[in-house]
Amino acid sequence: MGGRSLVCRLIDQILSCNRKTRIIVVAGHQSDLVRKELRKYPENVSVVNNDDYLITNNMESCRIAIEKMGEKNSCLIINGDCIYSDKIVKEMYESKRSTIGTDSSRFTEENMKILSSNGHVKGISKKFLEIDGAITSIDIYSFSADDIRTLAGIMEDFHSRGDLNQWTEVAIHDLLISEKSLVESIDFEGEKWMEIDDIADLEKAREM
(Lines give C-alpha, C1' and ligand atoms only; values in the text may rest on other atoms or scores of the structure.)
Protein backbone atom coordinates (compact mmCIF):
# COMPACT_ATOMS: atom_id res chain seq x y z
CA MET A 1 0.00 0.00 0.00
CA GLY A 2 1.46 3.34 -1.04
CA GLY A 3 4.56 1.55 -2.30
CA ARG A 4 4.92 -0.54 0.86
CA SER A 5 4.05 -4.14 1.59
CA LEU A 6 1.24 -4.74 4.08
CA VAL A 7 3.63 -6.01 6.73
CA CYS A 8 5.93 -3.00 6.35
CA ARG A 9 2.97 -0.66 6.67
CA LEU A 10 1.99 -2.31 9.96
CA ILE A 11 5.56 -2.26 11.25
CA ASP A 12 5.94 1.43 10.38
CA GLN A 13 2.70 2.24 12.20
CA ILE A 14 3.84 0.41 15.34
CA LEU A 15 7.31 1.95 15.28
CA SER A 16 5.74 5.39 14.97
CA CYS A 17 4.25 4.74 18.42
CA ASN A 18 7.64 3.71 19.84
CA ARG A 19 10.79 3.20 17.75
CA LYS A 20 12.16 0.73 20.32
CA THR A 21 9.14 -1.58 20.37
CA ARG A 22 10.05 -5.21 19.84
CA ILE A 23 8.23 -6.63 16.83
CA ILE A 24 8.20 -10.32 15.92
CA VAL A 25 6.98 -11.28 12.45
CA VAL A 26 6.15 -14.94 11.85
CA ALA A 27 6.80 -16.02 8.25
CA GLY A 28 5.76 -19.15 6.43
CA HIS A 29 5.39 -19.21 2.65
CA GLN A 30 8.33 -17.49 0.92
CA SER A 31 9.91 -16.62 4.25
CA ASP A 32 13.16 -15.62 2.50
CA LEU A 33 11.30 -12.84 0.70
CA VAL A 34 9.84 -11.67 4.01
CA ARG A 35 13.30 -11.53 5.59
CA LYS A 36 14.64 -9.62 2.58
CA GLU A 37 11.75 -7.16 2.80
CA LEU A 38 12.40 -6.51 6.49
CA ARG A 39 16.19 -6.34 6.53
CA LYS A 40 16.05 -2.52 6.46
CA TYR A 41 14.58 -2.45 9.96
CA PRO A 42 16.55 -2.21 13.23
CA GLU A 43 17.30 -5.30 15.30
CA ASN A 44 14.17 -4.86 17.45
CA VAL A 45 12.22 -6.08 14.39
CA SER A 46 12.84 -9.78 13.87
CA VAL A 47 11.49 -12.65 11.78
CA VAL A 48 10.89 -16.21 12.92
CA ASN A 49 9.70 -19.08 10.75
CA ASN A 50 6.69 -21.33 11.08
CA ASP A 51 8.21 -24.16 9.07
CA ASP A 52 4.99 -26.16 9.35
CA TYR A 53 2.82 -23.42 7.82
CA LEU A 54 1.31 -25.83 5.28
CA ILE A 55 -0.28 -27.98 7.99
CA THR A 56 -0.92 -25.41 10.72
CA ASN A 57 -3.05 -22.30 11.18
CA ASN A 58 -2.29 -18.90 12.67
CA MET A 59 -2.61 -20.06 16.29
CA GLU A 60 0.60 -22.02 15.86
CA SER A 61 2.31 -18.99 14.31
CA CYS A 62 1.14 -16.87 17.24
CA ARG A 63 2.38 -19.48 19.72
CA ILE A 64 5.82 -19.40 18.07
CA ALA A 65 5.94 -15.60 18.36
CA ILE A 66 4.92 -15.61 22.03
CA GLU A 67 7.50 -18.30 22.77
CA LYS A 68 10.13 -16.19 21.01
CA MET A 69 9.28 -13.25 23.29
CA GLY A 70 10.80 -15.06 26.26
CA GLU A 71 9.68 -12.81 29.08
CA LYS A 72 5.93 -12.38 28.70
CA ASN A 73 5.15 -8.69 28.40
CA SER A 74 2.02 -6.95 27.21
CA CYS A 75 1.79 -6.96 23.42
CA LEU A 76 -0.29 -6.55 20.30
CA ILE A 77 -1.36 -9.51 18.18
CA ILE A 78 -2.10 -8.55 14.58
CA ASN A 79 -2.80 -10.64 11.48
CA GLY A 80 -0.41 -9.65 8.70
CA ASP A 81 -3.08 -9.56 5.99
CA CYS A 82 -4.92 -6.61 7.51
CA ILE A 83 -4.65 -2.86 6.97
CA TYR A 84 -5.70 -0.24 9.53
CA SER A 85 -5.91 3.52 9.91
CA ASP A 86 -3.17 5.09 12.01
CA LYS A 87 -5.74 5.88 14.69
CA ILE A 88 -6.63 2.22 15.18
CA VAL A 89 -3.03 1.08 15.57
CA LYS A 90 -2.15 3.98 17.88
CA GLU A 91 -5.12 3.49 20.22
CA MET A 92 -4.61 -0.25 20.39
CA TYR A 93 -0.88 0.23 21.07
CA GLU A 94 -1.61 2.70 23.87
CA SER A 95 -4.31 0.56 25.50
CA LYS A 96 -3.54 -0.05 29.17
CA ARG A 97 -5.86 -3.05 29.40
CA SER A 98 -6.43 -6.20 27.41
CA THR A 99 -8.53 -5.01 24.50
CA ILE A 100 -10.08 -6.30 21.28
CA GLY A 101 -10.58 -3.88 18.38
CA THR A 102 -14.10 -3.90 16.93
CA ASP A 103 -16.28 -2.06 14.43
CA SER A 104 -20.00 -1.88 15.21
CA SER A 105 -20.76 -0.25 11.84
CA ARG A 106 -19.94 -3.37 9.81
CA PHE A 107 -21.22 -6.92 10.20
CA THR A 108 -20.06 -9.63 7.82
CA GLU A 109 -20.25 -13.41 7.91
CA GLU A 110 -16.52 -13.72 7.14
CA ASN A 111 -15.17 -11.82 10.13
CA MET A 112 -14.86 -12.91 13.73
CA LYS A 113 -17.47 -11.45 16.08
CA ILE A 114 -17.45 -10.77 19.81
CA LEU A 115 -20.12 -10.90 22.49
CA SER A 116 -19.87 -8.62 25.52
CA SER A 117 -21.48 -8.43 28.95
CA ASN A 118 -21.05 -5.73 31.61
CA GLY A 119 -18.30 -4.07 29.60
CA HIS A 120 -16.20 -7.20 29.15
CA VAL A 121 -15.81 -9.48 26.14
CA LYS A 122 -17.21 -12.94 26.84
CA GLY A 123 -16.44 -14.76 23.61
CA ILE A 124 -15.20 -14.55 20.04
CA SER A 125 -16.37 -16.64 17.09
CA LYS A 126 -17.44 -16.40 13.46
CA LYS A 127 -20.70 -18.09 14.47
CA PHE A 128 -22.03 -15.31 16.71
CA LEU A 129 -25.13 -13.58 15.32
CA GLU A 130 -25.96 -9.90 14.98
CA ILE A 131 -29.40 -10.54 16.47
CA ASP A 132 -27.65 -11.66 19.67
CA GLY A 133 -25.68 -8.42 19.91
CA ALA A 134 -22.48 -9.64 18.26
CA ILE A 135 -20.05 -6.99 16.99
CA THR A 136 -17.40 -7.45 14.31
CA SER A 137 -13.82 -7.99 15.49
CA ILE A 138 -11.20 -6.33 13.29
CA ASP A 139 -8.42 -8.82 14.09
CA ILE A 140 -6.21 -6.58 16.22
CA TYR A 141 -5.70 -7.46 19.89
CA SER A 142 -3.86 -5.92 22.83
CA PHE A 143 -3.18 -8.17 25.83
CA SER A 144 -1.68 -7.52 29.25
CA ALA A 145 1.31 -9.53 30.42
CA ASP A 146 -0.93 -11.70 32.62
CA ASP A 147 -3.28 -12.46 29.74
CA ILE A 148 -0.37 -13.19 27.40
CA ARG A 149 0.91 -15.77 29.89
CA THR A 150 -2.54 -17.35 30.07
CA LEU A 151 -2.89 -17.29 26.29
CA ALA A 152 0.56 -18.87 25.89
CA GLY A 153 -0.51 -21.73 28.17
CA ILE A 154 -3.70 -22.30 26.19
CA MET A 155 -1.80 -22.36 22.90
CA GLU A 156 0.82 -24.69 24.35
CA ASP A 157 -1.95 -27.11 25.33
CA PHE A 158 -3.20 -27.17 21.72
CA HIS A 159 0.38 -27.66 20.50
CA SER A 160 1.18 -30.49 22.92
CA ARG A 161 -1.81 -32.53 21.81
CA GLY A 162 -1.06 -31.95 18.12
CA ASP A 163 -4.12 -29.79 17.46
CA LEU A 164 -2.29 -27.33 15.22
CA ASN A 165 -4.87 -26.31 12.60
CA GLN A 166 -6.70 -23.72 14.71
CA TRP A 167 -7.26 -19.98 14.51
CA THR A 168 -5.66 -17.77 17.14
CA GLU A 169 -9.19 -16.69 18.08
CA VAL A 170 -9.98 -20.21 19.31
CA ALA A 171 -7.34 -19.74 22.02
CA ILE A 172 -8.53 -16.17 22.66
CA HIS A 173 -12.06 -17.50 23.12
CA ASP A 174 -10.81 -19.94 25.76
CA LEU A 175 -9.19 -16.99 27.53
CA LEU A 176 -12.38 -14.92 27.34
CA ILE A 177 -14.65 -17.58 28.85
CA SER A 178 -12.50 -17.75 31.98
CA GLU A 179 -14.21 -16.27 35.03
CA LYS A 180 -11.11 -14.15 35.65
CA SER A 181 -11.10 -12.57 32.19
CA LEU A 182 -11.57 -8.79 32.11
CA VAL A 183 -10.85 -8.21 28.42
CA GLU A 184 -12.54 -5.10 27.02
CA SER A 185 -13.22 -3.84 23.50
CA ILE A 186 -12.70 -0.57 21.63
CA ASP A 187 -15.26 0.31 18.98
CA PHE A 188 -13.62 1.88 15.93
CA GLU A 189 -16.96 2.56 14.28
CA GLY A 190 -16.47 4.06 10.82
CA GLU A 191 -12.65 3.89 10.92
CA LYS A 192 -10.82 2.52 7.87
CA TRP A 193 -9.64 -1.08 8.06
CA MET A 194 -9.75 -4.13 5.86
CA GLU A 195 -8.70 -7.77 5.72
CA ILE A 196 -6.99 -8.47 2.40
CA ASP A 197 -7.39 -11.99 1.06
CA ASP A 198 -6.91 -11.45 -2.68
CA ILE A 199 -6.13 -8.92 -5.41
CA ALA A 200 -9.73 -7.68 -5.48
CA ASP A 201 -9.51 -6.87 -1.75
CA LEU A 202 -6.21 -5.09 -2.33
CA GLU A 203 -7.78 -2.86 -4.96
CA LYS A 204 -10.68 -2.05 -2.62
CA ALA A 205 -8.20 -1.15 0.12
CA ARG A 206 -6.31 1.16 -2.25
CA GLU A 207 -9.57 2.93 -3.11
CA MET A 208 -10.39 3.22 0.61
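For the stretch 150-208, a simple Cβ point-charge model (Lys and Arg +1, Asp and Glu -1, everything else neutral) yields a dipole of about 180 debye relative to the Cα centre.
How much FRET efficiency would the formula 1/(1 + (r/R0)^6) give for Glu189 and Arg4, where r is the Cβ-Cβ distance and R0 is 30 Å, rounded to 0.05? Approximately 0.70, to the nearest 0.05.
Spread over its residues, the convex hull of the C-alpha atoms of the stretch 1-124 is 147 Å³ per residue.
Mean silhouette area of the stretch 1-65, derived from the convex hull of its C-alpha atoms and averaged over all directions, reads 4.7 nm².
On full extension of the chain, what length is gained from Cys17 through Lys126, given 0.36 nm per residue of separation minus the C-alpha to C-alpha distance? Full extension of this stretch gives 36.2 nm more. Over all directions, the projected convex hull of the C-alpha atoms in the stretch 139-208 averages 6.5 nm² in area. Just the protein heavy atoms count here, and of the accessible area of the chain at 1.4 Å, carbon and sulfur take up 47 percent.
Scan the chain and note any complete DSSP helix (H) whose C-alpha atoms cover at least 15 Å along its axis and whose Kyte-Doolittle average is 0.0 or more.
Numbers: long enough: 6-17 (17 Å, 1.44); 58-69 (17 Å, -0.22); 145-160 (22 Å, -0.16).
Membrane-span-like by this rule: 6-17.
Only one residue of Ser31, Val45, Cys62 has its Cα farthest out toward the positive end of the dipole of the stretch 27-83, where Lys and Arg carry +1 and Asp and Glu -1 on Cβ, and that residue is Val45. Compactness ratio for the chain: Cα radius of gyration over 2.2 N^0.38 Å (N = residue count) comes to 0.98. Taken per residue, the accessible surface of the chain reaches 55 Å², heavy atoms only and a 1.4 Å probe. Around the Cα centre of the stretch 105-153, unit charges on the Cβ atoms of Lys, Arg, Asp and Glu (plus for the first two, minus for the last two) sum to a dipole of about 60 debye.
The values are calculated or read from the model by the stated rules, or taken from the named source; none is laboratory data. Small disclaimer: the values here were computed from a predicted structure and weren't measured. Because the Cβ atoms are built from the backbone with ideal geometry, glycine has one as well, and the counts that use them run over all protein chains shown. Just so you know, the surface numbers come from the protein's heavy atoms only, side chains and all, with ligands and any DNA or RNA stripped out. Shrake-Rupley method; radii C 1.70, N 1.55, O 1.52, S 1.80 Å.
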